[in-house]
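What follows is a short report on a single structure.
The values are calculated or read from the model by the stated rules, or taken from the named source; none is laboratory data. What you see is a predicted model, and the numbers here were worked out from it, not measured in a lab. Cβ: placed from backbone, ideal geometry, glycine included. Neighbour counts: every protein chain shown.
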Amino acid sequence: MNKGRIAVAMSGGVDSSTAAALLKESGHELVGFSMQLWDYKRNDAGPAAARAARCCSLEDLYDARAVAARLGFPYYVANFQEEFERTVVRSFIEDYRNGLTPSPCVLCNSRMKFSRLLQVAGEVGAGRVATGHYARVARDEGTGRYLLLRARHRAKDQSYFLFELNQEQLARALFPLGELTKPQVREVAKAHALDVAGKAESQEICFVPDGDYAGFIEKHFADVTGNRSESNPFPKGDIVDSAGNVLGRHLGIHHYTIGQRRGLRIAHSVPLYVIELHPDRRQVVVGSRAELAKRECRVIKLNWISITEPREPMRIAAKIRSRHHEAAATVTPLENGSVKVEFDVPQLAVTPGQACVFYQGDVVVGGGWITR
């Protein structure tokens, strides 16, 4: 039975391939799409790094095409390189230069997979987009709002990366893996004789396959931002303690993130961590583990999913990065549309530029971006 045409976002990995297999098995008409987001030849990082890349390497596109052929549905590659560079990569570079630690996977999901790809899906008559994310969507019959829920398998939950999805996007999103564990996903792939059943996990930031963020930023700053006139875009400066005492020199703000311990090149009697970044003063501030803990933070650019914008303080569990174990907190709305998040217990490495996502049980209430 044809249950409606669905566009499947295919990365060439086992998760998106299994999502396609489950939908095909249940009678849906599918159209597969891979997004060509970044040209890895620009990195010049060597063949090993290119093989390790995910989301738009040639190997992964071949794998996605083979899965579509095996399951019997049409498959296309959509070239979004210019838009991805403008929307995601440029923001990544500029944030690091400004002392922030970005989360490009969130932007890729909201601005590319569930914005641009939804438009392409409509052009081929597909009303919904399915991905291999571990998350769930439900509808609150009382309010009529679509809800984003954690995956049943908490260890694989990816709802944190989806918090920017709006009501229209959630209404058209399908997450077939939301009730499954990773071993179950691999078993489904094996049952459908998919060659990707044993494929290794993909990395988080697909366009920096070797993990050298600072090197990537330095290499691509001019061509991505268009800024070719700045003579010293990565100025060196002082590493100081919280009292302002100079302890050493740094190689540029973009080399550092809050909570970082390694690579400081400072001999000290106790372990030191990056606790603040001040690009305007060209300073990296370091301190003890105790100084790294923060009781509160301010969050901006909010997206509320399960509720409308709150007017009163509310209790939630907050995740301040994707691998963070959520912490009990109170969210208090501020006059300018931002919120104050007060943690019951101080949290380590509350990092400007990262997403702060609010949960109540399995439900994603909403979230936003941590600011200074």
Checklist line | Residue check, residue 303 assigned to a strand (DSSP E or B) and not assigned by TED's automatic domain parsing to the domain that holds residue 260 | finding: yes
Check: Hey, among the residues in region 83-122 that are basic (Lys, Arg) and within 19 Å of residue 219 (Cβ to Cβ), which one's surrounded by the fewest Cβ atoms within 10 Å (Cβ to Cβ)?
Finding: 86
Next item on the list: Among the residues of region 172-190, write down those that are part of a helix (DSSP H, G or I), of a type outside the set (Lys, Arg) and surrounded by fewer than 17 Cβ atoms within 10 Å (Cβ to Cβ).
Entry: 183, 184, 187
Check: When region 9-44 is examined, which residues are found to be closer than 15 Å to residue 84 by Cα and either outside the structural domain of residue 173 (by TED's automatic domain parsing) or not small (Gly, Ala, Ser) (or both)?
Finding: 35, 36, 37, 38, 39, 40, 42
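Listed residues 193, 151, 155; which is among the aliphatic types (A, V, I, L, M), loosely packed, with under 14 Cβ neighbours inside 10 Å, in the same structural domain as residue 110 (by TED's automatic domain parsing) and under 23 Å from residue 360 (Cβ atoms)?
155
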Notebook entry, point to check: Do we have residue 54 as surrounded by 15 or more Cβ atoms within 10 Å (Cβ to Cβ), in a helix (DSSP H, G or I) and either at pLDDT below 90 or on the phi < 0 side of the Ramachandran plot (or both) here?
Noted result: no
Note to self: Please list, ordered by residue number, the helices (runs of 4 or more DSSP H) wholly in region 64-135 having 1 or more residues that are more than 18 Å from the chain's Cα centre (by Cα) and either assigned by TED's automatic domain parsing to the domain that holds residue 180 or of a type outside the set (Lys, Arg) (or both).
What the structure shows: 81-84, 90-97, 117-123
Next item on the list: Within region 274-305, count every residue that is surrounded by 19 or more Cβ atoms within 10 Å (Cβ to Cβ) and among the hydroxyl-bearing types (Ser, Thr, Tyr).
Entry: 0
